[in-house]
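Visitor: The following block contains the structure, expressed as structure tokens.
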Amino acid sequence: MRFLFKTDYEDDIRLFPHSGYYVSYGLLLAVLLIAPYVLSSYLMSQLVFVCIYATVGVALLILTGFTGQASLGHAAFLAIGAYTAAYLQTYNVPFPVYFLAAGLLSGCIGALVGFPALRLQGIYLVIATISFALIVEEILARWESVTHGNEGMRVKTLSLLGVAVPRDSPTFYFLCLAVLVLTIVGTLNLLRSPTGRAFVAIRDSETAARSMGVNVALYKVKSFAISAAITGFAGVLFAHKLSFISPEMFTLQLSIEFIIVILIGGTFSLHGAVLGAIFIVMIDPFLTYLKDDMPGIIAGIAATFGAGTQAAANVQSKVAAFASLNGLKGAIYGIIIVLFVLFEPLGLYGRWLKIKLFFQLFPLYKRATFKRQKIYVKSERNR
């Protein structure tokens, strides 16, 4: 077990607490860099979506996990970034320009959304962000001169420094990976700065933050703007990966998926955003497996245990009908949310911390180590 003795403030805000982090993250980066040359095109496509979803997850963590402001409207910011890229491409604007423009426009709109949300908290803020998402979706469907309405827009192949970068190429994967890594490193540095500490102070107690001189309104707007800008950057990559965008791609369900990303991974962990993204991206392959392969497997098991041919066929048809039900994906999302809220509020990363601490302290580990202390002071009533 490693013991860290911090002797000054620099040790407390160090990006990597000890040398072991350099080794572990270096090995992880090496694995990710060689992945395009050893994995199939399908798995690489899934990894690209993991990078995009994880980038949005980190952006949402800044707003929800570290500032305490709930949002169910991040699909709208993703749509703004995607449509900005598609529209500027029609004027032959180079990729670096429209990439930055998409983030800037999303950030400005995020700041505008943050202003009216200053006096809202909890469920009321959630309702406000849902309303914003529905407004953006309606604008995308009605503003046909710019967005082509429900017909959607085709997104040209990305061109970087005059070289075409197809959506299935290793270069595009490296671009998405680079954006994710820069987003994570930038967020870590943001959280070590006075701005990041102000975000956390607002999350813990707005009353205490005000008493320490934190301009709560300003930092809430900053949090909205930064989170929306990062989501806009991810929207550009999302548009290029799909090569076609339309309003029905950016619905409330997509915003819920982003919430599930941070809920499953861990609401207060950047690592959790990546874990949650992996989990969400694997839902669709699981549903495909459930629909195409699982009925035959279950029918085979039934036949093995003595079921007749007709009975096995009936079992197979019923399982296939269940796997094809409309709304099954939403039901799975609901079950996942309930299970994690009830049994693992800290998410997958929290579970990993518990497992790691168990082996570090074995046999002296206490089961109540992570139990939340239900002790409140009078000032907490004003949060």
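Visitor: Taking the Cα-to-Cβ direction at Ile135 and at Ala35 and moving 7 Å from each Cα, how far apart do the two end points lie in nm?
Guide: 3.7 nm
Visitor: Then there's this: With the cut-off at 18 Å, tell me which of the pairs Lys241/Lys291; Lys329/Lys354; Lys291/Lys318 have Cα atoms farther apart than that.
Guide: Values: Lys241/Lys291 25 Å; Lys329/Lys354 30 Å; Lys291/Lys318 11 Å.
From Lys241/Lys291; Lys329/Lys354; Lys291/Lys318, over 18 Å: Lys241/Lys291; Lys329/Lys354.
Visitor: Given a 1.4 angstrom probe, I'd like the percentage of the accessible area of the range 1-144 that is carbon and sulfur, rounded to a whole number. List each step's numbers first, then the result.
Guide: On the way: 5370 of 7660 Å².
Ligands and nucleic acids excluded, carbon and sulfur give 70 percent.
Visitor: At 1.4 Å probe radius, can you tell me the per residue accessible area of the chain in Å²?
Guide: 55 Å²
Visitor: Once phi is turned into θ = phi - 60°, what whole-Hz ³J(HN,Hα) does the Karplus curve with 6.51, -1.76 and 1.60 give for every residue of the range 325-333, x standing for Gly and Pro?
Guide: Rounded to whole hertz, the list is 4, 6, x, 5, 5, x, 5, 5, 4.
Visitor: From the helices alone, meaning DSSP H stretches of at least four residues, give me the mean residue ellipticity at 222 nm for the chain, per-run term -39500 (n - 2.57), in deg cm²/dmol to the nearest 500. Numbers along the way, then the final one.
Guide: On the way: 18 runs with 260 residues, N = 383.
Computed ellipticity for the chain at 222 nm equals -22000 deg cm²/dmol.
Visitor: Dipole of the range 43-251, Cα-centred, from +1 at each Lys and Arg C-beta and -1 at each Asp and Glu C-beta, to the nearest 20 debye?
Guide: Numbers: 12 positive and 8 negative charges, 107 e Å.
Approximately 520 debye in magnitude.
Visitor: What percent of all Cα-Cα pairs in the range 43-251 falls into each 5 Å bin, going from 0 up to the bin containing the maximum distance?
Guide: Histogram of Cα-Cα distances, whole percents per bin: 1, 8, 15, 19, 19, 15, 11, 7, 3, 1, 0.
Visitor: Return, ordered by residue number, the residues of the range 238-277 whose backbone nitrogen is under 16 Å from a label point located 7 Å along Cα→Cβ of Leu188.
Guide: Taking a point 7 Å out along Cα→Cβ of Leu188, the residues of the range 238-277 whose backbone N falls under 16 Å are 269-275.
The values are calculated or read from the model by the stated rules, or taken from the named source; none is laboratory data. What you see is a predicted model, and the numbers here were worked out from it, not measured in a lab. Positions of Cβ are backbone-derived with ideal geometry, glycine not excepted, and every protein chain shown enters the neighbour counts. Ligands, DNA and RNA are excluded from the accessible area calculation, which covers all protein heavy atoms including side chains. Shrake-Rupley method; radii C 1.70, N 1.55, O 1.52, S 1.80 Å.
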